[in-house]
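To start, the structure itself, in structure tokens.
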Amino acid sequence: MNELNQIKHKIKHLTKELNKHNYKYYVLNEPSISDYEFDILLKELEELEKKYPQFVSPNSPTKRVGGDITKTFQTVKHIYPMLSLANTYSKSELVEWENRLKKIVDTDIEYVCELKYDGVAIGIRYENGELVKAITRGDGTQGEDVTANVRTIKTIPLTLKGDYPTNFEIRGEIFLPLKNFEKLNNEREDIGEPLYANPRNTASGTLKQQDSRIVAQRGLDCFLYGVYGENLSFKSHYEAVKKAGEWGFKIPDESKNYLKKVKSIDEIMEFVTYWDKHRHQLPFEIDGIVLKVNNYHLQNELGFTAKNPRWAISYKFKAEKVETQLESVSYQVGRTGAITPVANLTPVLLAGTTVKRASLHNADQIKKLGLHLNDFVYVEKGGEIIPKIVGVNLDKRKADATPIQFITHCPICTTELIRKDGEANHYCPNELGCAPQIKGKIEHFISRKAMDIDGMGPETIELFYDAGLVKNIADLYTLTFNDIIKLERIADKTANNILQGLETSKQRPFERVLFAIGIRYVGETVAKKLARHFLTIDRIINASYEGLIAVEEIGEKIAESVINYFKDERNQQIIGRLKSYGLHFEMQVNEHATDKLENQTFVISGVFEKVSRTELKKLIEENGGKNTSSISSKTDYLVAGKNMGPKKLEKAERLGVKIINEDEFLEMIK
């Protein structure tokens with residue numbers, strides 16, 4: 001075998017191995033190698049693919065991290081139309097549905113009950129076991145080609161195993177798990193961006209991202225359950241779903257009651273009632289149940305209406321919705337200047353709580369609803385972070401009602417608002433002269449994840465600002481005991497605690513300071529990446545656009561934001577003052593630091609004798625390791641001290657995580 005054939009064989013072997021481990025990890029949740037070992041194999045494949053691009057497969061495991069840029073999504077016609085399902089909301093409507101079926105097929109019918117995942121419908125085509133195209137539902141006859149983005153979703157196989165058909169399409173739902181949605185919103189909150197409203201819309205928006213790297217980072221998931229093709233060997237939907245699981249697809253888990261065969265409307269209602277009660281315990285959102293005739297022969301006999309298959313129907317859970325009156329719209333200014341309209345409502349009881357306000361998100365939402373002052377509106381709380389207005393009772397609208405117009409100037413400082421191309425929000429650009437932005441930036445600066453300054457909170461910042469003591473983050477370090485003690489509700493002890501907190505904060509490392517100064521889009525993780533790459537604030541200030549986007553996870557939007565921030569002389573003056581007060585603006589290089597723990601993840605639990613928990617975490621990071629708070633299949637080591645909780649120990653043993661003591665850890669980095 002010549003050298004090129006050996007390389008080709010090696011790439012093929014690595015691809016097969018990585019796909020196997022990816023399936024075990026993400027679909028079966030049964031990893032057989034550590035993350036570190038997986039990454040070593042992936043790096044080896046990446047290097048080979050760079051040297052020998054002629055052997056790169058479009059379905060290589062290296063595609064999982066994204067990197068493809070799509071300017072426009074091509075429209076593709078569906079081979080099999082993606083029809084929507086008719087909806088039902090009651091048992092009596094289900095009985096009517098079954099009666100209609102039995103007029104066409106006079107026989108006993110077996111049904112399959114499935115969860116109705118609240119996400120984005122997708123059709124994925126495979127040829128010879130290889131993923132070739134992924135298409136959204138679109139209008140049912142044609143959708144958009146999102147193949148590059150779908151390849152980054154780790155629960156969707158790039159290549160199949162077993163006795164799969166030569167050519168077929170599988171359909172399912174792409175969704176954003178609730179924990180990933182929460183994490184994404186926490187990151188947006190960190191950088192002062194408006195929060196996403198719900199997982200469904202976020203999943204849809206993510207799938208339409210032009211940069212597949214962003215898609216890869218967000219952690220979309222997918223259940224696949226509908227197999228379509230010519231001359232398939234299955235006799236039923238249930239059989240096809242089970243077979244798809246054998247080919248490597250993540251299918252609805254029957255053991256968790258996500259999938260069930262039944263033979264009567266009463267059994268269907270048992271399934272519906274169970275999930276209507278327990279749906280909020282799921283790690284993802286559902287909005288109902290899908291019911292399908294199981295037998296393919298009966299499906300073909302039942303056929304289709306103009307819009308829907310007769311053999312399937314969806315039972316929709318009723319969202320909790322009430323009617324109340326819109327009294328006014330107020331506008332909030334965030335620390336980044338984002339303007340959020342809020343509906344002020346006549347108080348009404350919804351889902352066990354009294355609702356007085358509802359988010360209107362942005363100007364487009366107000367326009368879409370066509371809101372008028374004093375409208376009677378329908379308010380819903382189905383899976384939203386906060387209640388939202390979903391419609392207007394036009395029958396109650398007065399003839400002379402005034403349409404609500406989005407404001408043109410900041411409600412606080414009266415600066416004219418701006419709206420950039422491609423953004424949904426309006427912004428007040430007066431970031432250093434608009435009170436809510438100033439106070440918001442200071443609150444962010446003192447927060448726990450940033451400078452973590454004891455003794456201060458939003459109320460204290462309000463007092464300082466109103467008294468004219470603090471107009472920006474640098475002013476905090478000019479506060480004196482006499483300044484603080486003069487303020488209302490401030491005693492000697494509180495004043496001293498504030499001053500001590502400010503002094504202690506000067507020891508925070510550079511990456512925390514960089515996050516704290518509040519550059520738009522620079523969250524906790526991005527700040528660490530920038531700090532570790534450039535090492536000093538001066539290098540970041542002088543960095544070019546090309547130099548910034550060369551840093552891992554730094555995209556165009558972040559790079560532009562960093563450049564614009566430091567372009568403002570007022571921001572440079574603030575940085576200069578903070579430097580003079582002793583804050584760290586360069587990485588403190590530890591001469592004892594190593595990469596001995598690179599790509600390894602640790603959880604620390606219990607009490608230690610030789611070093612403190614804080615020191616242990618520091619040692620892990622200094623030697624290239626990563627700290628996490630909870631044990632998962634991704635954890636490499638549990639460092640166990642005295643009085644460790646039994647649940648953590650039990651979970652570590654169950655997942656096969658290596659458990660070491662304090663001495664064993666210190667030996668690792670000796």
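Just a few scattered comments:
- Given (1) more than 28 Å from GLY576 (Cβ to Cβ); (2) out of contact with any Lys or Arg (no Cβ under 6 Å at 6 or more places or on another chain), index of the condition ILE438 fails: (1)
Listed here are the residues, each with its yes/no results for (1) hydroxyl-bearing (Ser, Thr, Tyr); (2) assigned to a helix (DSSP H, G or I); (3) surrounded by 17 or more Cβ atoms within 10 Å (Cβ to Cβ).
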position	(1), (2), (3)
GLU553	no, no, no
ARG570	no, yes, no
GLN573	no, yes, no
GLY582	no, no, no
GLU598	no, no, no
PHE602	no, no, yes
VAL611	no, no, no
THR614	yes, yes, no
LEU649	no, yes, yes
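- Region 618-636, subset touching a helix residue (DSSP H, G or I) at 6+ places or on another chain (Cβ under 6 Å) and not in a strand (DSSP E or B), residue surrounded by the fewest Cβ atoms within 10 Å (Cβ to Cβ): LYS634
- When VAL562 is tested against (1) under 30 Å from the mean Cα position of the chain (by Cα); (2) at pLDDT below 90; (3) surrounded by 13 or more Cβ atoms within 10 Å (Cβ to Cβ); (4) of a type in the set (Val, Ile, Thr), just one condition goes unmet, and that condition is (2).
- Of all positions in region 361-368, none carries a residue that is over 23 Å from THR414 (Cα atoms) and hydrophobic (A, V, I, L, M, F, W, C).
- Matching entry among LEU176, LEU160 (being in contact with an Asp or Glu (Cβ under 9 Å, 6 or more places away or on another chain), surrounded by fewer than 24 Cβ atoms within 10 Å (Cβ to Cβ) and modelled with pLDDT of 90 or more): LEU160
- For region 285-337, residues that are in contact with a helix residue (DSSP H, G or I) (Cβ under 9 Å, 6 or more places away or on another chain) and in a strand (DSSP E or B) total 17.
- Number of positions in region 353-375 that are surrounded by 16 or more Cβ atoms within 10 Å (Cβ to Cβ) and part of a strand (DSSP E or B): 4
- Boolean, VAL639 is part of a strand (DSSP E or B), of a type in the set (A, V, I, L, M) and more than 26 Å from the chain's Cα centre (by Cα): yes
- Scanning region 2-32 for residues that are loosely packed, with under 14 Cβ neighbours inside 10 Å, over 20 Å from GLY129 (Cβ atoms) and not acidic (Asp, Glu), we see that the one that is farthest from the chain's Cα centre (by Cα) is ASN2.
Residues checked against (1) outside the structural domain of LYS441 (by TED's automatic domain parsing); (2) of a type in the set (S, T, N, Q); (3) surrounded by fewer than 17 Cβ atoms within 10 Å (Cβ to Cβ):
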| site | (1), (2), (3) |
| --- | --- |
| THR525 | no, yes, yes |
| LEU530 | no, no, no |
| SER544 | no, yes, yes |
| ALA550 | no, no, yes |
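- Some residue of region 293-312 being out of contact with any His (no Cβ under 9 Å at 6 or more places or on another chain), buried (at least 16 other Cβ atoms within 10 Å of the Cβ) and under 29 Å from PHE181 (Cα atoms): no
The values are calculated or read from the model by the stated rules, or taken from the named source; none is laboratory data. Note that the coordinates shown come from a computational prediction; the quantities given were computed from them, not determined experimentally. Cβ coordinates were reconstructed from backbone atoms using ideal geometry, including for glycine residues, and neighbour counts include every protein chain displayed.
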